[in-house]
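The values are calculated or read from the model by the stated rules, or taken from the named source; none is laboratory data. Remember, predicted model here, so these are calculated numbers, not experimental data. When we count neighbours, we look across all protein chains shown, and the Cβ atoms used for this are built from the backbone with ideal geometry, even at glycine. Surface areas here come from the heavy atoms of the whole protein model, side chains and all, with no ligands, DNA or RNA. Shrake-Rupley method; radii C 1.70, N 1.55, O 1.52, S 1.80 Å.
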Amino acid sequence: MPSRDASHDVSRDTSLDRRGFLAAAALTAAGAVVLPGGLLPTRAEAAVPSQVALPQWGIHDTAPASAWTDGFVGGNGEYGAVFHGTPQLERIVLDHHRFVLPNGTRDVLPPVLADRLESVRDRALAGDYWGAAGTFAEGWSLRWTQTFHPGYELVLSTPGATTADGYARTTDFRTGEVAHSWTDSAGVWKRRAFVSRADKVVVHELLPAGVRTVDTTITVDTALEGVPSDVGFSTVATAANGTGQLHVRATYPSGQGAYGYEGVTRVVVTGTKAAVSSAGGTTLVVSRATKVLLLTKLGRYENAGDWNAKPLQAALAALPPTTPRCSGGTRRCTRPCSTVRAWISVSPPPTGNSPRPS
């Protein structure tokens, strides 16, 4: 469970409206700490590990999220990602605003009720409210909207991460970056992620400590809370030329509307001895990497065969696979990192405390 060793207090001079109160209450209940400049001032915070640089505006916690409901969230208004889990088993729930279960209502038109308005008004003014409602509802039945659901979950398994001292995770409200880190005898291990609006991609970077390397397996979990049981899944993992792809396809029940959706994760490894391989056709194995970059794109398709053109793979191939230096040297982003190039060109922060679906 998230850390509960922080206490919060609202000063008498702090103005807090209803929305602020509800948000603050939710954060406090989750055990997370609102950073200075956020919703709540704090009198006592959980001890922040020395390797963590706290964002000016954001939130942090010093314990891993044991469930997705306690995870930190990234998104771009279209894609969404929830980061949770432990260093040994990291999980990323992936979602899209068009991931809704077709139920045959796509072509349903609203009833024409204009000619009933005068009769309804007369009944209501006479006090016959049930009669007014019945007049509006007569001749048509309630149809439920299409159910929203999560897509699937990426799972990063690192059994060697047996020691995770000084664990901390943060969300920077200015840039949308979610990060977590921990330490062992080799130094500081880091993860950071964000969801690009301009490039429509989830970006996740894995960095090892000191002279150590990233050695992890990447799989997919589709048995998530909220995923309909009648959605069919297939997963294919491929690797070639130092990169890998983890490809997930989901098929909706036929005859109800849209055909299905998919997600593709491109895995790029760095290091002279780094390698990525496929195991069993559904798992990617990363070994001896000095850095790992995961790039994920999501899409929903109306018709069978629409995904055969591989639009997500083509878009991923066009993204930068490396980490170029920016002209500003070690400067950090002070605005939302809307593009992949803007984000990955920024050096790591210094250490220290401081369309409507159819």
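Can you find even one residue in the stretch 265-273 that is open to solvent by 30 Å² or more (accessible area, probe 1.4 Å), touching a Leu at 6+ places or on another chain (Cβ under 9 Å) and more than 29 Å from GLY77 (Cβ to Cβ)? Scanning the stretch 265-273, I find at least one residue that is open to solvent by 30 Å² or more (accessible area, probe 1.4 Å), touching a Leu at 6+ places or on another chain (Cβ under 9 Å) and more than 29 Å from GLY77 (Cβ to Cβ), so the answer is yes. Scoring SER196 on the criteria (1) open to solvent by 40 Å² or more (accessible area, probe 1.4 Å); (2) closer than 27 Å to THR69 by Cα; (3) of a type in the set (S, T, N, Q) leaves a single failure, condition (1). Within the set GLY242, GLY257, the sole residue that is over 23 Å from LYS200 (Cα atoms), touching a strand residue (DSSP E or B) at 6+ places or on another chain (Cβ under 9 Å) and surrounded by fewer than 16 Cβ atoms within 10 Å (Cβ to Cβ) turns out to be GLY242. A Cβ distance below 7 Å, combined with a sequence gap of six or more or placement on separate chains, defines the contacts here; from the stretch 110-132, residues that are farther than 28 Å from THR145 by Cβ reach no residue that is modelled with pLDDT of 95 or more and outside any helix (DSSP H, G or I). Across the stretch 109-161, the number of residues qualifying as of a type outside the set (D, E, K, R) and over 30 Å from VAL248 (Cβ atoms) comes to 26. Among the residues of the stretch 93-122, those that are of a type in the set (A, V, I, L, M), loosely packed, with under 14 Cβ neighbours inside 10 Å and either modelled with pLDDT of 90 or more or touching a strand residue (DSSP E or B) at 6+ places or on another chain (Cβ under 8 Å) (or both) comprise ALA114, LEU117. Applying a threshold of 8 Å to beta carbon distances and a minimum spacing of six or more residues, or different chains, the list of pairs starting in the stretch 284-299 at a residue that is in a strand (DSSP E or B) and ending at one that is among the basic types (Lys, Arg) and surrounded by fewer than 20 Cβ atoms within 10 Å (Cβ to Cβ) reads ARG288/LYS273; LYS297/LYS200. The residues of the stretch 71-105 that are among the aromatic types (Phe, Trp, Tyr) and farther than 14 Å from PHE194 by Cα amount to a single one, PHE99. For ALA186, state whether it is at pLDDT below 95 and open to solvent by 40 Å² or more (accessible area, probe 1.4 Å). No, not satisfied.
Residues in the stretch 278-322 that are of a type in the set (Lys, Arg) and under 19 Å from GLY151 (Cα atoms): LYS297, ARG300, LYS310. Residues of the stretch 143-182 that are over 30 Å from SER229 (Cβ atoms), open to solvent by 30 Å² or more (accessible area, probe 1.4 Å) and of a type in the set (Val, Ile, Thr): THR162, THR163. Can you spot a residue in the stretch 210-229 that is of a type in the set (Ser, Thr, Tyr), touching a Phe, Trp or Tyr at 6+ places or on another chain (Cβ under 9 Å) and either part of a strand (DSSP E or B) or surrounded by 17 or more Cβ atoms within 10 Å (Cβ to Cβ) (or both)? No - not one qualifying residue is present in the stretch 210-229. If the condition is being under 20 Å from HIS97 (Cβ atoms) and either among the acidic types (Asp, Glu) or out of contact with any Ser or Thr (no Cβ under 6 Å at 6 or more places or on another chain) (or both), then the stretch 292-302 contributes LEU295, LYS297, LEU298, GLY299, ARG300, TYR301, GLU302.
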